[in-house]
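Visitor: Attaching a single structure in structure tokens format; questions to follow.
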Amino acid sequence: MSGIIAQRKSILIVEDEPIIRETLAEFLMGEGFEVRTTGTVSEALAIARERDYDVAVCDIQ
């Protein structure tokens with residue numbers, strides 16, 4: 001790749017259903033994404049303050 005290293009895109013998943021959260025994370029990691037997960041809004045906000053993410057997928061009731 002001409003000395004260029006492609007940076008993995010990062011995704012923050014916020015999903016309160018553990019099975020959905022884990023399944024989505026496993027799929028996205030398999031596709032080469034860097035994934036961080038949480039099940040609560042408060043934890044998601046704390047995580048998002050730590051660093052920037054390329055995408056956030058949120059589904060909280």
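The values are calculated or read from the model by the stated rules, or taken from the named source; none is laboratory data. From a predicted model like this one, the values you see are computed outputs, not experimental measurements. Note: ideal-geometry Cβ built from the backbone for every residue, glycine included; neighbour counts use all protein chains shown.
Visitor: So how many residues does segment 5-38 have that are within 16 Å of Val55 (Cα to Cα), of a type in the set (Gly, Ala, Ser) and surrounded by fewer than 18 Cβ atoms within 10 Å (Cβ to Cβ)?
Guide: Total meeting the criteria: 2.
Visitor: Counting just the residues of segment 46-61 that are farther than 14 Å from Ile11 by Cα and among the aliphatic types (A, V, I, L, M), which one comes out modelled with the lowest pLDDT?
Guide: Among those residues, the one meeting the criterion is Ile60.
Visitor: Cβ-Cβ below 6 Å, separation at least six or inter-chain, first residue in segment 9-24 and part of a helix (DSSP H, G or I), second among the aromatic types (Phe, Trp, Tyr): which pairs?
Guide: Pairs found: none.
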